[in-house]
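Down below is the structure, laid out as C-alpha cells.
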Amino acid sequence: MIMTTREVNKDAASAGGATTAPADSPMVEREINGAVGVLTMRHRPHNLLDPELTQELIEALGWAAEAGVRSVIVKSGLRHFSAGADLDLMLVAAKEGEGVLGWPMLDLLRAFDALPVPVVAAVHGICVGGGLEVALACDFVIATESAKLGCVEATVGLHPLMGGIQRITQRAGAARAKEMAMLGRRYDARTLERWNVINRVVQDEQLDVVALTLARELAGGPTVAHAATKALVSRTIDEGVRAADEAMAELQKPIFASADFPAGVVSIKQNGPGMARFEGR
C-alpha cells in the first residue's frame with residue numbers, strides 16, 4: 001500500500017479525517033517523558049514520506065540527541081504508522097532528477113544510526129514502503145496485532161528505496177528479503193515477528209504502554225554502554241566480525257570511564273543483580 005496524494009485525500013475524506021494539516025503544525029511532534037524522547041508523526045493524512053517529513057524526522061532525532069534523552073520512541077499520531085511515500089512527488093522528483101530523487105533518505109538512515117541512544121518504533125495500522133523502512137531503521141520494532149507491514153514498492157514498479165532490502169537481509173536473511181521486496185505483499189505482524197523482521201507483537205490497546213515501558217527500561221540502563229553496543233553492531237554490519245573485534249577496545253573505553261560501571265558493581269554487591277540505578281554518564 002503506497003498511496004498517492006489523490007488516493008490518501010479520498011481515503012481521509014471518506015473516513016471523516018482532515019486532508020491537510022494547519023501550516024504551522026509540525027509534522028513530527030516532540031515530547032520528553034521522563035528520560036524518554038517521544039517523536040510523533042502527524043503528517044496528514046497517513047504520514048506519507050516526502051522531503052519535508054524526512055527532514056523533520058532528521059531534525060527531531062537531532063533534537064533528541066541535544067535534549068539528552070536516554071531513549072526515543074518513534075510513533076504515529078494518525079490512523080496509520082505510514083502508508084509509504086508520496087508517489088506524485090516522487091514521479092516529479094525522479095523526472096527532474098534524471099532518475100535520482102534527491103530526497104534526504106540516506107541522511108535519515110545516518111541520523112538513526114548516529115543517535116547514541118536506543119530507538120523504539122511503535123507501529124500500528126498500515127506500515128509499508130518507506131514507512132516500514134523508517135521502522136526498520138530503529139533499534140527495536142513493536143507492532144500491534146492488527147498492523148499490516150510490507151515492502152509493497154514492486155506493485156508500482158519500484159523496489160525499497162531507503163534501506164529496506166538491506167535491513168531485512170540483516171534481520172531475516174536473503175531469501176526473506178527477496179520474497180518481501182519482489183512479491184510486494186503485506187504481512188501480519190506475527191509473521192514478521194516469526195521471521196525476525198520485528199521484535200515484538202502486542203495487543204492493539206497495549207502498544208503505547210508497552211513501547212513506553214520498554215523505552216523507560218532502556219533509558220534506565222547504562223546509556224554509555226548502550227551507545228557502545230549500537231556502535232559495535234553497526235561496525236559488525238558494515239565491516240564484519242573481525243573489524244568489530246578490532247574496534248572493541250576503543251569503543252569500550254567510555255564504558256570503563258563512565259560513572260555507571262562502578263555504580264553497577266557497587267549495586268550488585270550490595271543489592272544483587274538488576275537493582276542498579278544508572279545515571280547514564
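The Cα-based radius of gyration of the stretch 199-281, divided by its Kirkwood radius, gives an Rg/Rh of 1.08. Rg then Dmax, both in Å and based on the Cα atoms of the stretch 110-206: 12.5, 36.
Charging the Cβ of each Asp and Glu at -1 and of each Lys and Arg at +1, and nothing else, the dipole of the stretch 102-260 about its Cα centre rounds to 380 debye. Between the listed residues S234, G274, A189, the Cα displaced farthest toward the positive end of the dipole of the chain, a dipole computed from Cβ unit charges relative to the Cα centre, is found at G274.
Placing R0 at 22 angstrom, the Cβ-Cβ distance between I255 and E59 gives a FRET efficiency of 0.15 after rounding to 0.05.
Per residue, the accessible area of the stretch 146-281 comes to 59 Å² when a 1.4 Å probe rolls over the protein heavy atoms. Which net charge results for the neighbourhood of R70, defined as the other residues with beta-carbon distances under 14 angstrom from its beta-carbon, given Lys and Arg at +1 and Asp and Glu at -1? Charge balance in the 14 Å sphere: -1. The angle between the Cα long axis of helix 223-239 and the longest principal axis of the Cα atoms of the chain comes to about 60 degrees, rounded to the nearest 10. Residues within the reach of a label modelled at E31 (point 7 angstrom out along Cα to beta-carbon, backbone nitrogen below 14 Å), restricted to the stretch 42-71, are 42. In summary, the lysines within cross-link reach of K95, defined as a Cα separation below 26 angstrom excluding same-chain residues under 8 places away, comprise K10. For the set K75/K253; K230/K269; K75/K178; K75/K269; K148/K230, the pairs lying more than 31 angstrom apart at their alpha carbons are K75/K253; K75/K269.
Across the stretch 39-88, C-alpha contacts under 8 Å between residues 6 or more apart give a mean separation that, scaled by the residue count, equals a relative contact order of 63 percent. Between helix 5-14 and the chain there is an angle of about 90 degrees, using the helix long axis and the longest principal axis of the Cα atoms. Once the Cα-Cα distance is subtracted from the 0.36 nm per residue extended length, the T213 to E96 segment shows a gain of 37.6 nm. The long axis of helix 241-257 is offset from the longest Cα principal axis of the chain by roughly 60 degrees. Computed about its Cα centre, the charge dipole of the chain is approximately 780 debye, with only Lys, Arg, Asp and Glu carrying charge at their Cβ. Each Cα pair under 8 Å and six or more residues apart adds its separation to the average, and for the chain the resulting relative contact order is 16 percent. Just the protein heavy atoms count here, and of the accessible area of the chain at 1.4 Å, carbon and sulfur take up 53 percent.
The values are calculated or read from the model by the stated rules, or taken from the named source; none is laboratory data. As the structure is a prediction and not an experimental result, all values here were calculated from the model. Quick reminder, even Gly has a Cβ in these numbers, built from the backbone with ideal geometry, and neighbours come from all protein chains shown. We work out accessible area using only protein heavy atoms, side chains counted, and drop any ligands, DNA or RNA first. Shrake-Rupley method; radii C 1.70, N 1.55, O 1.52, S 1.80 Å.
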